[in-house]
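Accompanying notes for the structure given below.
What follows is calculated from the coordinates using simple rules that are stated; it is not laboratory data. It should be emphasised that the depicted structure is a prediction, and the values quoted were computed from it without experimental measurement. Virtual Cβ from ideal backbone geometry, glycine too; neighbours counted across all protein chains shown.
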There are 4 protein chains.
Amino acid sequence: MNALFASDNVTSACPEVMDAVINANSGISESYGEDEWSSRLKEKLSDVFETNVEVFLTVSGTASNALALSALAPVYGKIYCHELSHINTDECGAPELFTGGAKLNPMRSSNGRINAKELDEIVRGSGNVHVTQPSVVSITQSCETGTVYQLDEIQEISKIAHKHKMSVHMDGARFANGLVSLGESPAEMTWKSGVDVLTLGGTKNGCLAAEAIIFFKPEMVGNFPFLHKRSGQLLSKMRFISSQLNAYVSNDVWIRNASHANAMAKKLSKGLNAFSNINLAYPTESNEVFVHLPRDVIDYLNNAGYDINEEELDGKAVRFVTAWNTDQNDITNLLDKLSQKYG
Amino acid sequence: MNALFASDNVTSACPEVMDAVINANSGISESYGEDEWSSRLKEKLSDVFETNVEVFLTVSGTASNALALSALAPVYGKIYCHELSHINTDECGAPELFTGGAKLNPMRSSNGRINAKELDEIVRGSGNVHVTQPSVVSITQSCETGTVYQLDEIQEISKIAHKHKMSVHMDGARFANGLVSLGESPAEMTWKSGVDVLTLGGTKNGCLAAEAIIFFKPEMVGNFPFLHKRSGQLLSKMRFISSQLNAYVSNDVWIRNASHANAMAKKLSKGLNAFSNINLAYPTESNEVFVHLPRDVIDYLNNAGYDINEEELDGKAVRFVTAWNTDQNDITNLLDKLSQKYG
Amino acid sequence: MNALFASDNVTSACPEVMDAVINANSGISESYGEDEWSSRLKEKLSDVFETNVEVFLTVSGTASNALALSALAPVYGKIYCHELSHINTDECGAPELFTGGAKLNPMRSSNGRINAKELDEIVRGSGNVHVTQPSVVSITQSCETGTVYQLDEIQEISKIAHKHKMSVHMDGARFANGLVSLGESPAEMTWKSGVDVLTLGGTKNGCLAAEAIIFFKPEMVGNFPFLHKRSGQLLSKMRFISSQLNAYVSNDVWIRNASHANAMAKKLSKGLNAFSNINLAYPTESNEVFVHLPRDVIDYLNNAGYDINEEELDGKAVRFVTAWNTDQNDITNLLDKLSQKYG
Amino acid sequence: MNALFASDNVTSACPEVMDAVINANSGISESYGEDEWSSRLKEKLSDVFETNVEVFLTVSGTASNALALSALAPVYGKIYCHELSHINTDECGAPELFTGGAKLNPMRSSNGRINAKELDEIVRGSGNVHVTQPSVVSITQSCETGTVYQLDEIQEISKIAHKHKMSVHMDGARFANGLVSLGESPAEMTWKSGVDVLTLGGTKNGCLAAEAIIFFKPEMVGNFPFLHKRSGQLLSKMRFISSQLNAYVSNDVWIRNASHANAMAKKLSKGLNAFSNINLAYPTESNEVFVHLPRDVIDYLNNAGYDINEEELDGKAVRFVTAWNTDQNDITNLLDKLSQKYG
């Protein structure tokens, strides 16, 4: 039970994805992404996003984000992001490594989401050789506080970014959860709202290890294939990654998985919020629930075998995460356990 | 048939490894390598190598090599390697990226293997601030020409390296093939002969995507966990990689797979060498066969549907690679096809 | 008159320093810092700082800071600094380049100075592989707002830094101005208050181009000579830099120069503050005066030939800088010009 | 006497250059290269090279070369150079640092000069993501063995480089010595022969510390100003560097200085070659003399107070260097000393 609600990456892969991997394990196939699974994935994602996309695969969100940023920021570039963003807090400097030293400019807008107006006010120094050059705005959908950017928020941020000649990157580690929450199409939530490059996560929502960097403007790919190879993320047997994502975005697997996770989060959020000594830190809009828990409650739950995650958001709140396969009973059990003492 | 003998990475995964992945896909598990599969792998590899090892996993040989070198070379370091080595020719600058700019010093010893005496003669500049500092010697076993370092060669190279205060790295992308060829134990071929860090490849010999960086001296690990995370190679669902390698080194799977590949290579090598217009470029000591093929033979085979690999070794020879599941009949067919025209 | 108060780097070199360069231009001398001027400088600085120091020279403050940080932070390190600090705003990513990707963590304490208590609260993540590792606290003396850290502030910050196993770096681009302002000894303002490494600036206060990286703990030098050479800052004819700094810290040259600059700033500050439409943005404690100027005043002064510097501190205030040779009459003229219109 | 012939960087600055520095030390001047000395230098160099050039200044040859390469090679680029080239042997990894990890491909053509035909044969891998991409050919004039590329050699190398879509960089640390040796114009020896970017050295031939990176095709400058600043080489009081180079290339100062140095080298070379136990390692074509000296001769000279330089060219020969102010008597004395024992 240990890591039960600690993260969505403690879960297994969903059956559709696992079957796809098993099916891909047959016969001889070109290596390094020249295989048919990879070709089909590119077509599939072009369908899903309703535009001709270019796709590069990786096996971790950290690699995906850092590589995507390296395509968009020069070595002397500046990347605007929220101070709570994964690229700023949880990737041990991978963005700096892969970009060759670009600087992250952390912002402190409320709710974990960047505010377009504030962004517009702080962007400065373009053309001044003393200043790292404004290059990218990176937003996370759904974001690190479990809330979700509304379409008009994404559009306004993109507009400001493009006005300042910057690109827009979306960290979509929990893209499907955001998608389900908004109820919009993948195209609407990305390029139609101004996103230039998306890192689409599969791992947290049912894959074994599969992430995609998606360029909505093929002309922005440039020399990216070399950066991709050089990062150690161009796998020889790429079919084993492509096949995961093929299954993931087919037949609504990702939507179904995310819908379940979000519904479970809602249930958990509502249950926790009912206790007088527990307060939601943020509204629950995807599959992450952030609450302020008194120390005695944390101790009580840890003693009960829950491995309470206090490390997220610079320790400002406690996190519970639900997943594609969260069992309703596990939520009931948790709430019951709390009721026994605090009900 | 296309890529039939082009590389061993065009093959599928072997059943034992695939089953292990399927079995790992169950229940909740700690992420980022804190899972039980990863713990068991560390124990298993300590058994296999007869010493207490530290293990870090990646999903590509390029990442493994580059990361291993980053643990051994400072940013101003110099890494001695053969000019045909994978790190020098096929990783698009990954070693330079991950080490932060260390310089590879390519050597041209015969047969693709570094010569200890030559190494001793060219190492210079230690302590001189103008000169990149001698830090690592990297050898490949089995090496890029398909030949194999003998134990005494490894021992002599290690001795020279250590005399000059350098570490010894072994690129073991085809470690098992070298092991079978030599008929020695994993311990003998590595740390007992002076190797400090091994990058053990699983992918080419039956895994989906699994490579291990193995430290034989735990005190050399230092801050490597941070370099590992920062490179994007610390997977959240690491059990899916650990489980592959667990199966791979258990029950002689890797040995059986490599033995078959090597035997098939021997057969192919012998058959090709029997043609008067075909000459072996190097003796066939593992699962790679390098031959000098006249242009008309290359054209003939390409027309027959073989995708002849002329890109290895800077184009100096044509490569055929056998694998854990190479079908004897495919070799017979190839030789028959040649006999029809050149017999 | 153009750049009159724009910065202290628009000034010429002082006679004592210029004479030293002329005197150094004689005969043959060992290159790359093996010359006698460099040896004498090391001794001289050891005297001045009352401890045995190690010294490395550069020709720009950007290089000095970035190199100093590269000695203190690993590639996955985190450097705490004020968001207005030169390393964060004006070095176009040099710290990221020279450290190999360390991350600056900008703080927003008031008056441009880091607050020890706030620092203690935000340092986190030590040992957690997902998080860049707390490595350095960098403070600027005198700081970017023209104010000065008091000794007890430096001591408290150092104490917190060391408690968290971090090093303390002082950016001393205007070190002498801070020294004069505080009225303390060089030793008191640095290592006796916990500073580990100082970048001592000479250029702004009377040198042509001369900066020193000073290690107060020789054991922290480690492999720094290689980083120094690799950065292109190990000059062959180093005597031309050493000789500048020798003259600079001898016979109270730096103190006299800074005293004059600070006095002129005080005069200018007092004069500006007397106008009802001009407000000091920060107290004037060294040789920089920051004021809030209405747009019409800025336009008026620009038309009068002053090249008003609006680019500092992210545009939050207008800057006037005095120097070692600022002419009292230039201040009077400026104030008169203002009086004519706003008096 | 110690370092007498050890290098040309042990010498003082010539009077014309020193006077220029003294003259520049007057009044207020825009910083960071916006001064009039820097503007005049750009015009002057455009005159000298008979084309409109873009100029960036540094204070060391290492910085110049590394920065120039960073303008021409992507992070995954490959730079062809001679294995004895300064960038490969004497810059402690600066090219790797400044380029962000580009790989130097050392060649072993005879006499220290790259051979065009050999270059053509080894360039490979363009477009192949596994291979660092051919980006730059770097040649040194005069080169590290003291010989000089003839115009047709430069032209052929440039032709091959451009055929493969690579740029041509010339390391001109001893540019004037090569110029005098060839008797050609600066334009002929550079862009008219296909050179794209030159690093022009002043330090070894009479400056204090002054090097210029010269772009012959302004459109290749691109974002270089940011790379320049980020490297710590954009000095605030740039006039002190610009003024040196202004004087250096004016009134034939550089030509006179180099002519003297070359003449002295010829004299020394002839004298040394007359001894039966001393052999020239390379023909003496500029201001460096390379000889094979028996161990007893080296010891004899060291005992006599000469600091014999055995470290160049990987220790393959002993180097004597003459300079703009080498005293004829010092050569006579050296030869006399040898005659006393070996005459």
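Name the aspartates and glutamates eligible as straight-distance cross-link partners of C:LYS341: C-alpha to C-alpha under 13 Å, and not fewer than 8 places from it in the same chain.
Here the aspartates and glutamates satisfying the reach criterion relative to C:LYS341 are C:ASP296, C:ASP299.
Could you compute the FRET efficiency for C:SER109 and C:GLU310, with r as their C-beta to C-beta distance and R0 at 30 Å, rounded to 0.05? Before the final figure, lay out the partial values.
Working: r = 23 Å, r/R0 = 0.78.
Efficiency, rounded to the nearest 0.05: 0.80.
Taking the square root of 5 times each eigenvalue of the Cα gyration tensor, what semi-axes in Å does the equivalent ellipsoid of the stretch D:85-202 have, largest first?
23, 17, 13
What is the fewest-to-most order of B:THR145, A:THR322 by other Cβ atoms lying within 10 Å of their Cβ?
Sorted ascending by nearby Cβ count, the order is B:THR145, A:THR322.
Return the average number of partner chain Cβ atoms within 10 angstrom of each residue Cβ along peptide C:83-93.
6
From the phi of every residue in the stretch A:152-166, what ³J(HN,Hα) in whole Hz does the Karplus formula 6.51 cos²θ - 1.76 cosθ + 1.60 yield, where θ is phi - 60° and glycine or proline is x?
5, 5, 4, 5, 5, 4, 4, 4, 5, 4, 5, 4, 8, 6, 9
Given the peptides D:132-142, C:59-69, B:175-185, arrange them by the average over their residues of other C-beta atoms within 10 Å, most packed first.
Put in order of decreasing packing, that is C:59-69, D:132-142, B:175-185.
With a ≥ b ≥ c taken as the square roots of the eigenvalues of the C-alpha gyration tensor of the stretch C:44-120, please select rounded if a/c is under 1.5 and otherwise prolate if a/b is larger than b/c or oblate if it is not?
Working: a/c = 1.82, a/b = 1.31, b/c = 1.39.
Judged from the Cα gyration tensor, the stretch C:44-120 comes out oblate (a/c at least 1.5, b/c at or above a/b).
Antiparallel versus total DSSP beta bridges in the protein assembly as shown: what percent is that, nearest 5?
Here the antiparallel bridges make up roughly 50 percent for the protein assembly as shown.
Can you give the helix-only mean residue ellipticity at 222 nm for chain D, where every DSSP H stretch with n ≥ 4 adds -39500 (n - 2.57) and the sum goes over all residues, rounded to the nearest 500 deg cm²/dmol?
Mean residue ellipticity at 222 nm (helix-derived): -12000 deg cm²/dmol.
Once phi is turned into θ = phi - 60°, what whole-Hz ³J(HN,Hα) does the Karplus curve with 6.51, -1.76 and 1.60 give for every residue of the stretch C:294-304, x standing for Gly and Pro?
Taking θ as phi minus 60°, the curve returns x, 3, 5, 5, 4, 4, 4, 5, 4, 5, 7 Hz for the stretch C:294-304.
Distances from B:LEU151 to the same position in the other copies: list them in nm, one decimal, shortest first, using label points 7 Å from Cα along Cα→Cβ.
B:LEU151 label point versus its equivalents elsewhere: 6.5, 6.8, 7.1 nm.
What does DSSP give for chain B in terms of the percent of beta bridges that are antiparallel, rounded to the nearest 5? It would help to have the intermediate numbers written out before the result.
Numbers: 17 of 35 bridges.
For chain B, the DSSP antiparallel bridge percentage is about 50.
Per residue of C:105-114, how many C-beta atoms from partner chains lie within 10 Å of its own C-beta, taken as a mean?
That average works out to 1.
Evaluate E = 1/(1 + (r/R0)^6) for C:GLU121 and A:ASP336, where r is the Cβ-Cβ distance and R0 equals 35 Å; express this FRET efficiency to the nearest 0.05.
After rounding to 0.05, the efficiency reads 0.45.
If the cut-off is a Cα-Cα distance under 27 Å, which lysines reach A:LYS44, setting aside same-chain residues fewer than 8 apart in sequence?
A:LYS192, A:LYS204, A:LYS217, A:LYS229, A:LYS237, B:LYS237
Give the nm distances, rounded to one decimal, from A:ASN309 to the matching residue in every other copy, measuring between label points 7 Å along Cα toward the beta carbon; shortest first.
4.1, 4.7, 6.1
Quick one: which residues, 5 or more positions from B:THR140 or on another chain, have an amide H under 5 Å from its amide H? H modelled 1.01 Å from N in the peptide plane, none for Pro or chain starts.
The list, which skips near neighbours in sequence, is B:ASP171.
Which value, in debye to the nearest 20, describes the size of the charge dipole of the protein assembly as shown about its Cα centre when Lys and Arg Cβ atoms bear +1, Asp and Glu Cβ atoms bear -1, and nothing else is charged? Each step should come with its number before you reach the end.
Working: 116 positive and 164 negative charges, 1 e Å.
I would put it at about 0 debye.
How large is Rg/Rh for chain D, to two decimals, with Cα atoms and a Kirkwood Rh? Numbers along the way, then the final one.
Details: Rg = 20.1 Å, Rh = 20.6 Å.
For chain D, the value is 0.98.
From the square roots a ≥ b ≥ c of the eigenvalues of the alpha-carbon gyration tensor of the protein assembly as shown, which class results: rounded (a/c under 1.5), prolate (a/b over b/c), or oblate?
Oblate shape, in that a/c is at least 1.5 and b/c is the bigger or equal ratio.
Taking a label point 7 Å out from Cα toward Cβ, give me the nm distances from A:LEU280 to the same spot in the other copies, shortest first, one decimal.
A:LEU280 label point versus its equivalents elsewhere: 4.9, 7.3, 8.7 nm.
Whose Cβ in chain B comes nearest the axis that rotates B onto A, and by how many Å?
Residue plus distance in Å, as requested: B:VAL59, 3.
Label the stretch B:254-342 by shape, choosing from rounded, prolate and oblate, from the square roots a ≥ b ≥ c of the eigenvalues of the Cα gyration tensor; if a/c is under 1.5 it is rounded, and otherwise prolate applies when a/b is larger than b/c, oblate when it is not.
Cα axes put the stretch B:254-342 in the prolate bin.
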